[in-house]
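First up is the structure itself, then whatever we jot down about it.
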Amino acid sequence: MSIDVRTAAPGPRPGPGSDPTDPRPKPKPSMSAAAGISHETGWSVGDRVGLVAAWVCGISLCVVAASIVLFMAWKGIQFLHLDMLTTSPEASLDQSKTGGFLDPLVGTLLLTVIGIAFAVPTGVAIAVWLTEYGRPSGLARLVESGVEIVAGTPSIVLAIFGLLVFQQSFMGIFSFTAEGGAVFGRSFLTAGAMMALIALPLVIGSTREALNTIPRHVREASYALGKDKASTIRRVLLPSARSGIATGATLGMGRICGDTAIVVILLGASMQTTPESGFLGLFRGTGSTLTSYVYNNSPAGEGNAPDKAYAAAFVLLMIVILLNFVVSLIGKRNKPQWN
Amino acid sequence: MELKEDQPQNGSGPAADVPPLRRIVVESETVPIRVGDYAGPPDPNYGREPWQVGAGSEGEPVWVEERMRTEDLSIAYGDKRAVKDVTIEVNSGEVLALIGPSGCGKTTLLRSLNRLVELTPAAKRTGRIILDDQSVDDFDVTQLRSRVGMLFQQPNPFPMSIFDNVAYGLRERGSKKPRKKILEPIVVDALERAGLWDEVSSNLSHPALALSGGQQQRLCIARSLAVSPEVLLLDEPCSALDPISTSIIEDTIVELKSEVAIVIVTHNLQQAARIADRVAFMYLGDMVEQGAAGQVFGAPREERTQDYVGGGFG
Ligand SMILES: Nc1ncnc2c1ncn2[C@@H]1O[C@H](COP(=O)(O)OP(=O)(O)O)[C@@H](O)[C@H]1O
Ligand SMILES: [Mg+2]
């Protein structure tokens, strides 16, 4: 442990060898490594400061995390009433008449389901292609950088890009089209599609990791039984990677739940879920989620219902913590283990 | 190099949905003793009496018949020749042990017999491999591999139930799955022949990866047997197992040899001496010497064999 602390110590530690004019003999690398754990020579002032800093940082993070949860719980429990979960929001200047956040809650769940329903099959397919085929290798590298770019793009950029795409007239089926033929571009489907891009890199990452841990001889055992690559993937590899896929999907759900930019830009401004008429009207309609509800009702937003914002934020936090808990549960079981 | 597995499998008609019947080996019928106009390679049984042929587990005579052979087989990984001009037969009714120091090409030779070596893009093969008088290249690779089964160094059951592992090779692609009722007798039979039935009969639906290492390896044997192979290739199948599991597997191998031709790669000379009828010694890709186990171990003809075998037997 002491070696980790030394590398974390701020600033270089002056020692023999760091100064060309230093007359002291330069120690061999092995000697200086040994000095790091030695109790006699180690622990200069820099080391001590570094060690204290590491402790302080670690403990402060715990304090920050605990205060987020405790503060939100205190506010949340203070303002949260069960009927908020079952009543729709209403526009009113009087906070007591603004209703609950049933629609945003359902909106969060709906958007998460849509996003993950797009992301999981696509992500698994990409991960399988990358690990099991991945040729020509130039194309594989291109796909990998594509995934990295999507992962690194800020969600507000994805949102504005999505608006651009889904307002094209041929994308009209995914959202509401006005009388003149202008495509609104905002709906659960279009927001869900962009949300899928947020979850996609996580699904790809953990699926690839799971596939990479399956030893080669397991694949070969399937080939040796006369199976081709396709059925080996379907019958052996994907079932083996199941918990990895589930982990990626759950992490992706957490990200989707918490994203605000895409909701604000691509899900419309209505607080209430507003389905379109016709086939799949709900998906083509607009609505809100817990994040946009908190944003709009917070003291910073227009609607002035901060109590409700705190209550909704608490519910959102609980959902995300629950998802994280599920991730660690999945990680603990169901993983096939070969020697 | 395009792998054959990548190609879509056409023509899996209704016949393909029916699991293959296990070939019942009736000893008097398996070996027509061929005399006279037979033009193939010399019949190993020619001129011998049945009791002179390899002995089964209970000491009863077992007929020996050629199943596979290689002719001047060479395999190179890029420029490196791993197997050099090897000519060898694989016979049913006996256990053939491939011995030799590590890196001498035993695994490569073994993997060429079911064309698994084709999965390595750099591998190039010359020479012929013949299964039942037909070049292995003429077989559809999936069909070849269900006739030439393989067991690996590490036990590798699939992450599914014991039953599904054994039934894995029997289930066909496509929508029609053979019903459990049809599969069950085959699965039970394969588990019995692999010597695992008594231990798992009450929990066929349990996950296979929960079994012990030795049980897993016997499950892998059962999984191979379920598709009724004619040849079973074993690549150091006991190297990851404890002595008790090893001896159980050795017994199973000896039991099986009357029905399936067995080729086993082993590092363990004692193991080869215990179970092999015929032994082939390889060194740096060359097939140095092959012959009856007693001869190779007792009176090796080649000096290199003597050096290697002598080390193991004092
Ligand atoms: N996939 C491969 N690519 C390149 N060389 C290989 C590969 N597999 C094996 N070899 C080489 O071929 C030779 C024979 O290997 P192998 O058949 O595994 O020997 P053995 O099983 O007798 O230990 C070794 O020198 C090894 O380095
Ligand atoms: Mg080997």
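The values are calculated or read from the model by the stated rules, or taken from the named source; none is laboratory data. A quick note: this is a predicted structure, and the numbers were derived from the prediction, not measured. Here the Cβ is made from the backbone with ideal geometry for all residues, glycine too, and neighbour counts use every protein chain on show. Accessible surface areas use protein heavy atoms only, side chains included; no ligands, DNA or RNA. Shrake-Rupley method; radii C 1.70, N 1.55, O 1.52, S 1.80 Å.
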Discussion item. Pairs of alpha-carbon atoms within less than 8 angstrom and 6+ residues apart define the contacts here; what relative contact order does the stretch A:235-339 have, in percent?
Written reply: 31
Worksheet, complete the sentence: Expected integer from the mean partner chain Cβ neighbour count at 10 Å over B:139-146 is 3
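Quick check: residue separation of A:Leu61 and A:Ile173 times 0.36 nm, minus the Cα distance between them. What number comes out in nm? Could you put the intermediate results ahead of the total?
Values: separation 112, 0.36 × 112 = 40.32 nm, distance 4.70 nm.
Working it through step by step, the gained length comes to 35.6 nm.
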Worksheet item: Any idea of the accessible area per residue across the stretch A:53-332, 1.4 Å probe, to the nearest Å²?
Response: 48
Item to complete: Can you grab the distance from the C-alpha centre of the stretch A:248-279 to the C-alpha centre of the stretch A:134-150, Å, no decimals?
Response: 29
Discussion item. If you scale each eigenvalue of the Cα gyration tensor by 5 and take the root, what three semi-axes come out for the stretch B:54-309, rounded to whole angstrom and sorted largest first?
Written reply: 30, 22, 17
Worksheet item: Using the beta-carbon distance between A:Glu209 and B:Ser102 and R0 = 35 Å, what value does 1/(1 + (r/R0)^6) give for FRET efficiency, to the nearest 0.05?
Response: 0.65
Item to complete: Mind giving me the nanometre distance, one decimal, between the label points for A:Ser88 and A:Ile321, set 7 Å out from Cα along Cα→Cβ?
Response: 3.1
Worksheet item: Can you tell which of A:Ser92, A:Ser240, A:Ser155 shows the greatest fluctuation in a Gaussian network model of chain A with Cα springs below 10 Å?
Response: A:Ser92
Worksheet item: Which pairs, out of A:Lys227/B:Lys80; A:Lys227/B:Lys181; B:Lys80/B:Lys106, put more than 18 Å between their alpha-carbon atoms?
Response: A:Lys227/B:Lys80; A:Lys227/B:Lys181
Worksheet item: What nm distance separates the two modelled labels at A:Val150 and A:Ile77, each placed 7 Å from Cα along Cα→Cβ?
Response: 4.1
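Once you have the alpha carbon radius of gyration of the stretch A:53-332, what is it after dividing by 2.2 N^0.38 Å, with N set to its residue count?
Numbers: Rg = 21.6 Å, N = 280, 2.2 N^0.38 = 18.7 Å.
In units of the globular-protein estimate, the stretch A:53-332 measures up at 1.15.
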Worksheet item: What helices in chain A pass both tests, a Cα length along the helix axis of 20 Å or more and a mean Kyte hydropathy of 0.0 or higher, using whole DSSP H runs?
Response: A:45-79, A:102-128, A:137-152, A:188-212, A:242-258, A:306-332
Worksheet item: Given labels modelled 7 Å from the Cα in the Cβ direction, how far is it in nm from A:Glu132 to A:Ala182?
Response: 4.8
Discussion item. Need one number: buried accessible surface between chains A and B, 1.4 Å probe, both sides summed, DNA, RNA and ligands left out, in Å² to 100.
Written reply: 2400
Worksheet item: Of the peptides A:59-71, A:142-154, how do they stack up when ordered by the mean number of other Cβ atoms within 10 Å, highest first?
Response: A:142-154, A:59-71
